[in-house]
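These notes concern the structure reproduced below.
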Amino acid sequence: MKQTIEERIKALRLQIMIHSIIYYEMDNNIISDAEWSKRAMELVELQRKYPSVSTVFDEAFKDFDGSTGFHLLRYADDRARGKAKYLLRIEGKLRE
């Protein structure tokens, strides 16, 4: 089943948020910088084309240009941090 634009934007925002937490807060990674950039640029383009689409983390991604996810950490919630830990755990990369 194909995702709607809103679903794709939501999925990309969640992925970028979670992988930014993993990279900047947990000093780890499970996707390459190139893959993160690819997803970020797709999101930037979708948000440019569909500025009225509202979904998760609207404020965090308001001026997102795809260059970095560092600023997203201030918007990260416990749920996103929990998902980041879960992904690291299943990848065998969680440092406790």
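A compact table of results
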| item | result |
| --- | --- |
| Relative contact order (%) - the chain, alpha-carbon pairs under 8 angstrom, separation at least six | 40 percent |
| Filter on K49/K93; K49/K85; K2/K85; K38/K93 - keep pairs with C-alpha separation over 26 Å | K49/K93; K49/K85; K2/K85 |
| Extension gain, S67 back to M1 (0.36 nm per residue minus Cα-Cα distance, nm) | 20.7 nm |
| Simple Cβ-charge dipole of the chain, Lys/Arg +1 and Asp/Glu -1, about Cα centre, in debye nearest 20 | 260 debye |
| Label assignment, Rg and Dmax of the Cα atoms in Å derived from the structure, set [x] 21.9, 80; [y] 13.1, 41; [z] 26.0, 68 | [y] |
| Restricting region 1-82 to trypsin sites (Lys or Arg not before Pro) in coil, as DSSP defines it, with at most 10 other Cβ within 10 Å | K2, K62 |
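Quick note: the coordinates plus some simple rules give every number you see, no bench work behind them. Note that this is a predicted model, so its numbers are computed, not measured. Please note: Cβ atoms are built from the backbone with ideal geometry, for glycine as well, and neighbour counts cover all protein chains shown.
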